[in-house]
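Student: Have a look at this one before I ask anything.
Computed from the coordinates by the stated procedures, all read-outs in this text should not be read as laboratory data. As the structure is a prediction and not an experimental result, all values here were calculated from the model. Positions of Cβ are backbone-derived with ideal geometry, glycine not excepted, and every protein chain shown enters the neighbour counts.
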Amino acid sequence: MKQEIPYKIYLDENEIPTQWYNVRADMKTKPAPLLNPGTGQPLTLEDLNPIFCEELNKQELDNDTPFFDIPEEIQKFYKMYRPAPLVRAYFLEKALGTPAKIYYKFEGNNTSGSHKLNSAIAQAYYAKKEGLKGVTTETGAGQWGTALSMACSYFDLDCKVFMVKCSYEQKPFRREVMRTYGANVTPSPSLTTNVGRKILSEHPDTTGSLGCAISEAVEVAVTNPGYRYVLGSVLNQVLLHQSIIGLETKAALDKYGIKADVVIGCAGGGSNLGGLIAPFMGEKLRGEADYQIIAVEPASCPSFTRGKYAYDFCDTGMICPLAKMYTLGSQFIPSANHAGGLRFHGMSPVLSQLYADGMFEARAVEQTAVFEAATQFARVEGILPAPESSHAIRVAIDEALKCKETGEEKTIVFGLTGTGYFDLVAYEKFNSGEMNDVIPSDETIKSYLDKLPKVPGQE
Ligand SMILES: *Cc1c(COP(=O)(O)O)cnc(C)c1O
């Protein structure tokens, strides 16, 4: 008998995964190591320990252990807002008139409004366990800073957040959520750090960038005893923690015997995408199953589709380690017009290697098309999506419309990473017809790529 698929597939509490999955263990070509920018040598635990938490550094460097036990305290915290539902988008399917079956994994059911809490709580836990006083970080749109301030207040850690200046000004409410959870929030670039003062003296009118905020947060961490720096995306450890998204998704699909054909996620630094696709990619790497996997990025910050796979700095200040990744250059800053998030110039080294190996495809989409999809989705499925998540919605709709033409009944799964209640300035622009698409020219991109650091052995 054919089983009716419910609107929402919830796992039971005791079905939440108790281990994270490390996709690197199944990669034949491992992601390239982080390099010390001074020596060009791969970073060791000893190099990393003054900057990041020790246990997290072990996770960062471990390319071989397939599963890591999730500590019990983190499992307990996860139960506050997990399992996240896997929703069958019946209303959207109907509105599109598609034979495709669309599912989305909704990560917006917590106050931070995104998947970022999955890694924030893990990073705060290891910082506390190490006996630290606090952590520093950067935040762009503010979801990561919010998630981290929630996690830090849970473990009674001090939390210093450098927030990209244009977001600090555009999103005062997000800032207040962080302060409510006890975080200290500074607009970046600021006059409180050497690197901030240097950037401001060279570019007094800058609206800031994630890369610049990272430089400031790292400086504060390494110059204050008892502090370490934590990062909400890009790093291998963050993808490891975010694998909870994919593991739950896979378990929910398996519960009803559903096989995904297409898996779609938006890509900023790559953490939600890396987490969502992890178990699917694992099967693909082990030759057990095949999936079409699509990364979606903004046309105004197109690292996969127009960047170069090369060693680059993770930050504008060029003080962080070098990562081999698809990058637009550490000095690249998307147009101030760009309202859709996903502004980071680089991409997770794990995803970058998988992409270089042809394990998935990437598409760049323009922001007006993204907000059209967001609006369409909100009107039929109820949830007001984050602009970042709406990149994935755009391509999920495009794929479902293709199925309408071909009559294929594909099963499409996408990651709905969060809600957009704090992104209403962007929605306002779209609703008033004031949003336009700013796509960097080839010359612009080349000018930044020409400045990539020289690393021995890299052309
Ligand atoms: C931060 C964020 C993203 C992008 O970050 P990734 O590391 O690429 O996942 C996507 N969606 C939401 C809602 C976010 O907050």
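Student: List the lysines whose Cα sits under 21 Å from the Cα of Lys451, skipping any in the same chain fewer than 8 residues away.
Tutor: Partners found: Lys198, Lys308, Lys324.
Student: Over the Cα atoms of the range 37-163, what Rg and Dmax result, in angstrom?
Tutor: 18.4, 58
Student: Here's something else I'd like to know. Please list, or write none, the lysines whose alpha carbon is within less than 17 Å of the alpha carbon of Lys128, excluding same-chain residues fewer than 8 places away.
Tutor: Partners within reach: Lys58, Lys76, Lys160.
Student: At q = 0.20, 0.23, 0.31 Å⁻¹, what base-10 log of I(q)/I(0) does the Debye formula yield for the range 295-334 when every alpha carbon is treated as an equal point scatterer in vacuo?
Tutor: -0.57, -0.72, -1.08
Student: Next question. Just tell me which lysines come within less than 19 Å, Cα to Cα, of Lys250; anything on the same chain fewer than 8 places away is out.
Tutor: Result set, ordered by chain and number: Lys8, Lys79, Lys101, Lys105, Lys259, Lys284, Lys410.
Student: Here's another thing I want to ask about it. Per-residue counts of other Cβ atoms within 10 Å, averaged by peptide: what ranking do you get for 74-85, 118-129, highest first?
Tutor: Top of the packing list down: 118-129, 74-85.
Student: From the convex hull of the Cα coordinates of the chain, what is the mean projected area in square nanometres?
Tutor: 20.7 nm²
Student: Normalised radius of gyration for the range 287-379, please: alpha carbon Rg relative to 2.2 N^0.38 Å, two decimal places.
Tutor: 1.20
Student: Quick one: plug the Kirkwood hydrodynamic radius of the range 1-110 (C-alpha pairs) into Stokes-Einstein at 10 °C, 1.306 mPa s, and report D in µm²/s.
Tutor: This corresponds to a translational diffusion coefficient of 89 µm²/s.
Student: For the chain, list the cysteines whose Cβ sits under 4.7 Å from no other cysteine Cβ?
Tutor: Cys53, Cys166, Cys212, Cys266, Cys301, Cys403
Student: Separate question: Largest first, please: the extent of the C-alpha atoms of the range 326-459 along each principal axis, to the nearest Å.
Tutor: 53, 37, 24
Student: Given just the C-alpha atoms of the range 168-319, how large is their convex hull per residue in cubic angstrom?
Tutor: Hull volume normalised by residue count: 178 Å³.
Student: Quick one: compute a quarter of the convex hull surface over the Cα atoms of the range 91-161 and quote it in nm².
Tutor: 6.1 nm²
Student: I've got another one for you. Please list the helices of the chain that count as membrane-span-like by this rule: a mean Kyte-Doolittle hydropathy of at least 0.0 together with Cα atoms stretching 24 Å or more along the helix axis, each helix being a complete DSSP H run.
Tutor: Within the chain the helices that satisfy the rule are 236-255.
Student: Among DSSP bridges having both ends in the chain, what percentage is antiparallel? Round to the nearest 5.
Tutor: Here the antiparallel bridges make up roughly 35 percent for the chain.
Student: Let me ask something else about it. Please give me, ordered by residue number, the GluC sites (Glu not before Pro) of the range 29-135 that lie in loop per DSSP and have at most 14 other Cβ atoms within 10 Å.
Tutor: Sites meeting the loop and neighbour criteria: Glu130.
Student: Hey, another quick one. Given the convex hull of the Cα atoms of the range 132-205, what is a quarter of its surface area in nm²?
Tutor: One quarter of the hull surface, i.e. the mean projection, equals 4.8 nm².
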